Every structure is written in C-alpha cells, then in structure tokens.
Amino acid sequence: MIGTGIVGAVIGVLPWLAMLVLGSRGRAGAVPARPLLLHLWEAGLFVLMCVVGCVVLFGLLPMALQYAFVRGARWWTGRD
C-alpha cells in the first residue's frame, strides 16, 4: 500500500510541477492571476486523488480480485 501511495503521489506531483515550470511562458498579463491558496488547494486535491486512485486501482482492487478468485476456487473444489 505504501508503494502504490508513493507512485500516486509522484503521478500527482509531476504534472503540477510541469505546470509551474512551463505555465509561466508566454502568459504575462494575459489572464488575471488566481489566488495562491486556490492553486494550492487544487494541487493538494489532485495529488490526494492520484494517491487514492493508485492505492485502489493498483493495491486494493488486485487484492480483492485475488481473494474472490481463491474463495471461488475453494468453493468450486469443495475445500471451503
């Protein structure tokens, strides 16, 4: 679970860092600046959702499928 959470955090942080580095080019004064707190809130939610999504998709879902397969195989063979 820790490994999938770290992968989710990396997946969530990389696009945000790329936006910070590449987003400032060619936009000087074109759009009014949004508050920094709003950017941090959105970035935090994005990273949190990436972590939760990776933990569920790559951690909990495969374990649940394996558990269901083992239970079904035991029931099917009569060893339950």
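The table for this structure:
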| item | result |
| --- | --- |
| Out of 45, 37, sole residue that is out of contact with any strand residue (DSSP E or B) (no Cβ under 8 Å at 6 or more places or on another chain), at pLDDT 80 or above, part of a helix (DSSP H, G or I) and loosely packed, with under 10 Cβ neighbours inside 10 Å | 37 |
| Looking only at the range 48-68, and only at residues there that are among the small types (Gly, Ala, Ser) and closer than 15 Å to residue 2 by Cα, the one that is surrounded by the fewest Cβ atoms within 10 Å (Cβ to Cβ) | 53 |
| Residue 71 at pLDDT below 85, more than 13 Å from the chain's Cα centre (by Cα) and open to solvent by 90 Å² or more (accessible area, probe 1.4 Å) | no |
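The values are calculated or read from the model by the stated rules, or taken from the named source; none is laboratory data. Treat the numbers as computed from the prediction; the structure is a model and nothing was measured. Cβ sites come from the backbone with ideal geometry, for glycine too, and all protein chains shown count toward neighbours. For the accessible areas, the whole protein counts, side chains as well, though only heavy atoms, and no ligand, DNA or RNA atoms are used. Shrake-Rupley method; radii C 1.70, N 1.55, O 1.52, S 1.80 Å.
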